[in-house]
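Asks: Attaching a single structure in structure tokens format; questions to follow.
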Amino acid sequence: MNKEKLLLKNTAIVTIGKICTQLITFFLLPIYTAVLTTEEYGVVDLLNTLVSLFIPIVTLQIEQGIFRFLVDCRGNNEETKKTISTVILLVTTQLMIYLVVFLVASFFIHNPYKYFLVCNLVVAVYSTILLQICRGLGDNTKYAIGSFITGVCTVILNIILIVAFRLGAYGMLIATFLGNFICILYILFSKKIYQWISIPKYDKEKRKQILKFSLPLVPNIISWWVVNTSDRSLITYFLGIGINGIYATAAKFSGVLTTLYTVFNLTWTESASVNIEAEDRDIFFSKILDIVLRIFGTFIIGVIAVLPFVFSILVKNKFRDSYYQIPILLVGSMFSILVSFIGSIYVAKKVTKEVAKTSILAAVINILINVILIKKIGLYAASISTLIAYMTMFIYRAIDTRKYVKLTVKPWLVIHVLVMLGIACTSYYLRNTYLHIIVLLAVVIDAFFTNQKSIKFIKNSLIKN
């Protein structure tokens, strides 16, 4: 099976598991914004943000290390068992340390939701590790099913707990915990991960190798957290928890785009790692970049063109101010996608220190712009700082990675995407119904012609022997 076909097959499998539940969650937004107050929605978003920050600190990004090292030792059962055993025991030790630190710190935290910070983090860590083991072993089907189970269970429990039982923020946090816990049970027993775990197989040299790969990713992921979500903390501090709920609503739309790419990036990172030393890597990587730019660029433009017609249906009136932040966050997510795409080259080459440099720079830029502008332009500061941070990171990585892979992209394609994006955004903010209709028709026609080549490539890859 050629590498294009394998990449598309794996992407299709993972997509089924990830996208379906993410779309369900997105279309439940009207329920969440109707039942929850802006304060409750803001609290849940902030707590989930803190969990996402603590995970890389607690795990030291070992989940990325186990995936990358399992890719290299496929077919070698002894090395596979040694790798899995070392990581599981190491993560368990780190979680025990985290629990002790949390119990001491909890005496100084006066918040009714504080124990969800420890419970949700523990299950999220084990769920992530087990899912990455599935990927590392090449079982994308189990990964997809596990992700699907997490999403579906979380969504169903959310509806039951916040709609039927009216538990508000507590209901959403409990649903998140149970969704991850059920995923853990599924992967543990369906994949029989326990058969790969043996205390005598714990290997100090293997631990050293994995940590050498993973540790540079800690400042990287924290920097990503700063770029992605420190906005929430600053918004809460300067503007209030209710405004954070509005920003969280706006971020849901760009979050759909990011999730779509994240699904692809899971299989792309694997493909990049396998093909990084291939003779035709420059052509292969450039071809995939062309497709990414066409498809995701079109998707962003399409969302901006469609939103004026459906925004009032998806989002309740009390969250209406989120309307003005959405296009800025969507454009920022496009640069985020390009950053992730190029970042896979660093991971494939195992030069993770390079990943951290650009991420830290972007984090500093994000915070500075936020702090300087948030009192002057309010919520716009968070959206604009995110966009500029991603843009800066993309420019640096695009130049720096040329020493590993020489990516090329057609200049006319970049100009075309930017022009269509400018037209869609102008129409969006003018809020003229007739103009919205004209632009939407133009975007649909343009999307068809722009992606003809990509559709043909995908079709040929799938039917090629």
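Asks: Can you put 238, 54 in order, fewest other beta carbons within 10 Å first?
Replies: Taking fewest neighbouring Cβ atoms as first place, the list is 238, 54.
Asks: Treat every Asp and Glu Cβ in the chain as -1 and every Lys and Arg Cβ as +1, leave all other atoms uncharged, and give the resulting dipole magnitude about the Cα centre to the nearest 20 debye.
Replies: With Lys and Arg at +1 and Asp and Glu at -1, about 600 debye.
Asks: Please work out the FRET efficiency for the pair residue 435 and residue 209, using the Cβ-Cβ distance as r and a Förster radius of 35 Å; give the result to the nearest 0.05.
Replies: In this case the efficiency is close to 0.05.
Asks: Taking the alpha-carbon distance from residue 353 and a cut-off under 12 Å, which aspartates and glutamates remain once sequence neighbours fewer than 8 residues away in the same chain are dropped?
Replies: Partners within reach: none.
Asks: Out of these labelled values of semi-axes √(5λ) of the Cα gyration tensor in Å, (1) 38, 29, 21; (2) 33, 30, 21; (3) 49, 36, 22, which was calculated from the coordinates shown here?
Replies: Read-out taken from this structure: (2).
Asks: Counting other beta carbons within 10 Å of each Cβ, put 201, 353 in order, fewest first.
Replies: Lowest count first: 353, 201.
Asks: Find the Cα radius of gyration of the range 217-465, compare it with 2.2 N^0.38 Å by division, and give the number to two decimals.
Replies: In units of the 2.2 N^0.38 Å rule of thumb, it is 1.05.
Asks: In what sequence, highest mean first, do 143-156, 397-410 appear when ranked by Cβ atoms within 10 angstrom?
Replies: Ranked by mean Cβ neighbours within 10 Å, highest first: 143-156, 397-410.
Asks: Taking Cα pairs under 8 Å and at least six residues apart, what relative contact order does the range 255-376 come out at, in percent?
Replies: 45 percent.
Asks: Under 18 Å between alpha carbons, and skipping anything fewer than 8 positions from residue 318 in its own chain: which aspartates and glutamates qualify?
Replies: 39, 40, 45
Asks: Report, in listed order, any pair from 81/191; 142/453; 82/204; 208/349 with a Cα-Cα distance greater than 20 Å.
Replies: 142/453
Asks: Calculated from DSSP H runs of 4 or more alone, at -39500 (n - 2.57) each and per residue, what is the 222 nm mean residue ellipticity of the chain, nearest 500?
Replies: The per-residue figure over the chain is -28500 deg cm²/dmol.
Asks: Sort 253, 311 so that the residue with the fewest other Cβ atoms within 10 Å of its own Cβ comes first and the one with the most comes last.
Replies: Ascending Cβ contact count within 10 Å gives the list 311, 253.
Asks: For the range 306-421, what does the relative contact order come out to in percent, with C-alpha contacts under 8 Å and a separation of six or more?
Replies: Relative contact order for the range 306-421 comes out at 34 percent.
Asks: Express in nm, to one decimal, how much length is gained between residue 351 and residue 34 on full extension, taking 0.36 nm for each residue of separation and deducting their alpha carbon distance.
Replies: Result for the pair: 109.5 nm of gain on full extension.
Asks: Give the shape of the range 116-234 as rounded, prolate or oblate, defined through the alpha-carbon gyration tensor: a ≥ b ≥ c are the square roots of its eigenvalues, a/c under 1.5 means rounded, and otherwise the shape is prolate if a/b is larger than b/c and oblate if not.
Replies: Since a/c reaches 1.5 but b/c is at least a/b, the shape of the range 116-234 is classed as oblate.
Asks: Provide the packing ranking of 343-350, 78-85, 328-335, i.e. peptides ordered by the mean count of other C-beta atoms within 10 Å per residue, highest first.
Replies: 328-335, 343-350, 78-85
Asks: Can you pull the one-decimal nm distance between simple spin-label points at residue 361 and residue 194, each 7 Å off the Cα toward Cβ?
Replies: If labels sit at residue 361 and residue 194, their model points lie 4.9 nm apart.
Asks: Using a/c under 1.5 as the rounded threshold, could you call the range 65-173 rounded, prolate or oblate? The axes a ≥ b ≥ c are square roots of the C-alpha gyration tensor eigenvalues, and prolate needs a/b larger than b/c, oblate otherwise.
Replies: Cα axes put the range 65-173 in the oblate bin.
Asks: Let me ask another. For the range 45-167, with only Lys/Arg (+1) and Asp/Glu (-1) charged at the beta-carbon, what is the dipole magnitude about the Cα centre, in debye rounded to 20?
Replies: That gives a dipole near 140 debye.
Asks: Please state the relative contact order of the chain as a whole percent: Cα pairs under 8 Å, 6+ residues apart?
Replies: In percent, rounded to a whole number, it is 23.
No value in this document is a laboratory result; all are computed from the given coordinates. Being a predicted model, the structure only gives us computed values, none of them experimental. We place every Cβ from the backbone using ideal geometry, glycine too, and count neighbours over all the protein chains shown.
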